[in-house]
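Throughout, read-outs are computed from the coordinates displayed, never taken from laboratory work. Only a predicted model underlies this, so the values are computations on that prediction, with no experimental measurement involved. Every residue, glycine as well, gets a Cβ built from its backbone with ideal geometry; the counts of neighbours run over all protein chains shown.
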Amino acid sequence: MALLLAAAVLLLMTIVLLFAIQWWKEKREHRRIVSLFPGPEASLLLGNLDKMTPTEKSLSFNESLLLRFPKLFRLWAGPLFGVIIATHHDVIKRVLLNSTPKSEEFYRLLRPWLGDGLLISKGKKWLRNRRLLTPGFHFEILRSYIDIYNEATNILLTKWKYLAKNEKAVDVFDSSCYLALDVVLRCACSYESNCQTQSESAYVRSIVSLNEIPVARVLFPPYRSDFIFYFTPMGWRARKAVRTAHQHSEAIIRNRKMQLISQNLENQRGKRSDFLDILLLAKDDEGRGLTDTEIRDEVDTFIFEGHDTTSSGLAFTLINLARFPDFQQKCYEEIKSVLSNRKNVTWDDLGKFTYLSMFIKESLRLYPPVPFIYRTVEEPFEVDGFSFSKGCEIVLAITLAHRNPHIWENPDKFDPLRFSAEAAKNRDPFAYLPFSGGARNCIGQNFALHEMKTALALTLSRFELLPDSSCELKRAPYLILKTENGGRVYLRDRGSRDS
Ligand code: HEM
């Protein structure tokens with residue numbers, strides 16, 4: 001018996017040892033491959049971890065490397081794990097056009113909430129669903145959302161009118177977050193959350209915390225392990241928030257299904273009113289629709305992708321308008337001439353905001369809402385003499401590419417005219433990527449730009465924006481770009497000033 005036990009222990013130890021040797025060999029090979037890429041000095045134990053924090057300081061350090069390393073560099077996250085940071089369109093284009101798959105290590109943190117929705121899914125499933133969902137972003141569908149953008153912005157501006165009267169600074173991140181959430185919930189599933197006036201609902205709270213939790217997990221490495229994370233209080237809260245969000249989406253889907261059956265809307269495909277209708281009625285070539293879980297995953301993906309990104313874009317644009325009064329004045333004059341005395345933006349107006357559009361684009365260049373995206377090499381390839389082998393983790397640093405002095409002249413200067421037709425004509429299409437590029441680009445980019453233009457046009461037509469000089473702008477590149485210290489502007493009511 002004792003002999004048997006000793007043999008079992010020996011066998012177990014041998015297996016563990018073999019695994020450890022295999023693991024070590026893989027890590028050594030990974031280290032050898034990553035070491036072939038150029039990069040800044042790194043400490044033996046921590047690597048460059050201190051330069052990978054979501055702070056202005058880290059971001060500025062990485063920007064300072066652009067002069068030395070024009071197209072890419074490597075950073076070490078500890079002694080054994082290295083990532084390649086791509087900062088130039090020559091490399092980024094190759095990765096995106098190569099259909100390099102998304103990094104599981106990173107995107108899996110969103111999976112408990114978003115399941116296998118469009119953002120995360122891969123291969124055939126992604127292709128089929130992207131085809132099924134694309135009609136939901138057709139101009140005819142987007143046109144019907146303009147009233148929602150107007151209504152939701154007017155709710156915000158009514159709140160702001162009160163704050164302007166009291167000469168209080170407004171927190172643009174908070175306001176933009178609830179505005180964008182309100183819009184996406186109404187457009188995705190015609191759900192009136194009232195989140196702009198009652199941000200206390202359990203559902204809205206769960207959505208807000210589901211945005212924050214993956215960031216906390218990225219920042220605190222032990223939390224990246226599911227095993228550890230789900231035993232912590234935050235892991236428990238995450239489970240609860242996912243349950244609340246799922247139950248909520250499921251209830252909305254169930255109700256809409258019942259409506260579709262009772263109104264026999266299946267026969268009236270022309271009368272689609274929101275994404276949920278599109279999802280429920282979509283059929284592939286073989287006549288198969290989406291399952292209930294697939295529909296829920298897509299609804300949740302739209303809610304996630306559709307609100308935090310747009311809200312970051314909107315908040316930074318508002319801050320930039322306040323920082324650059326001359327450009328703000330130009331935007332205002334254009335808006336005044338397009339709207340005359342109308343209080344609402346129409347679909348036809350959207351194409352007439354030429355200067356405002358350039359301003360938004362410049363704001364998204366310097367402050368891209370999605371600062372980094374992550375890929376893992378499956379099929380090895382070469383760019384510029386660098387070999388990317390299977391398993392290589394690449395960070396496509398949109399934020400660094402947008403400030404790369406080898407691409408942009410005077411990159412830190414805010415200049416909307418970079419996006420005049422003349423100036424943009426010879427630029428590589430992959431040099432400017434706030435919505436990514438290639439087959440996996442953002443499906444909602446027109447939706448987002450229409451929403452932003454409407455919100456900004458209505459805001460500027462009623463208020464002049466003034467900077468809050470007590471609040472220095474310090475970027476914080478989380479999953480979505482935020483600031484380290486919030487972001488505020490002062491408002492001057494144009495109506496009260498004119499009267
Ligand atoms: C200013 C606002 C927005 C920005 C900057 C933005 C940016 C991006 C970026 C960079 C990606 C690529 C992500 C990756 O490769 O990991 C992406 C993907 C995606 N976005 Fe957006 N987005 C915005 C608004 C929206 C909106 C409003 C929606 C939906 C209503 C949306 C839905 C999606 C979806 C579903 C994907 C995944 C597409 C796929 O992989 O096929 N986004 N977005």
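Summing Lys and Arg as +1 and Asp and Glu as -1 over all other residues whose Cβ lies under 14 Å from the Cβ of K168 gives a net charge of 0. About its Cα centre, the dipole of the chain is roughly 360 debye, where the only charges are +1 on Lys and Arg Cβ and -1 on Asp and Glu Cβ. Under 24 Å of direct C-alpha separation, and excluding same-chain neighbours fewer than eight residues apart, K25 reaches these lysines: K390. Once backbone amide H atoms are built at 1.01 Å from N, S103 has Y374, R375, T376 as its partners under 5 Å, excluding neighbours fewer than 5 places away on the same chain. When only alpha carbons are used to place a centre, segment 428-499 and segment 1-51 end up 46 Å from one another.
Straight-line reach from K283: taking Cα to Cα under 19 Å and skipping same-chain neighbours fewer than 8 places apart, the aspartates and glutamates in range are D116, E266, D274, D292, E294, D297, E298. Segment 281-315 and segment 101-154 have Cα centres separated by 4 Å.
Using only the C-alpha atoms, the convex hull of the chain corresponds to 192 Å³ per residue. Counted by Cβ distance under 13 Å from R342, the other residues give a net charge of +2, where Lys and Arg count +1 and Asp and Glu count -1.
Both radii were evaluated on the Cα set of segment 203-310; the Rg over Rh quotient, with Rh as the Kirkwood radius, amounts to 1.08. Computed per residue of the chain from DSSP H runs no shorter than four, each worth -39500 (n - 2.57), the mean residue ellipticity at 222 nm is -17000 deg cm²/dmol. Cβ crowding within 10 Å ranks L66, L433, L4 as L4, L66, L433, fewest other Cβ atoms first. Note on segment 408-499: Cα Rg divided by 2.2 N^0.38 Å, N the number of residues, gives 1.39. Counted residue by residue at 0.36 nm each, then reduced by the alpha carbon distance between them, the extension gain from L3 to T291 reaches 98.2 nm. Sparse packing (at most 16 other Cβ atoms within 10 Å of the Cβ) combined with a DSSP loop state is found for the following GluC sites (Glu not before Pro) in segment 426-485: E472, E484.
Take every pair of alpha-carbon atoms less than 8 Å apart whose residues are at least six positions apart; their mean separation over the length of the chain yields a relative contact order of 23 percent. Pairs over the 30 Å Cα-Cα cut-off, from the set K51/K161; K168/K453; K453/K474: K51/K161.
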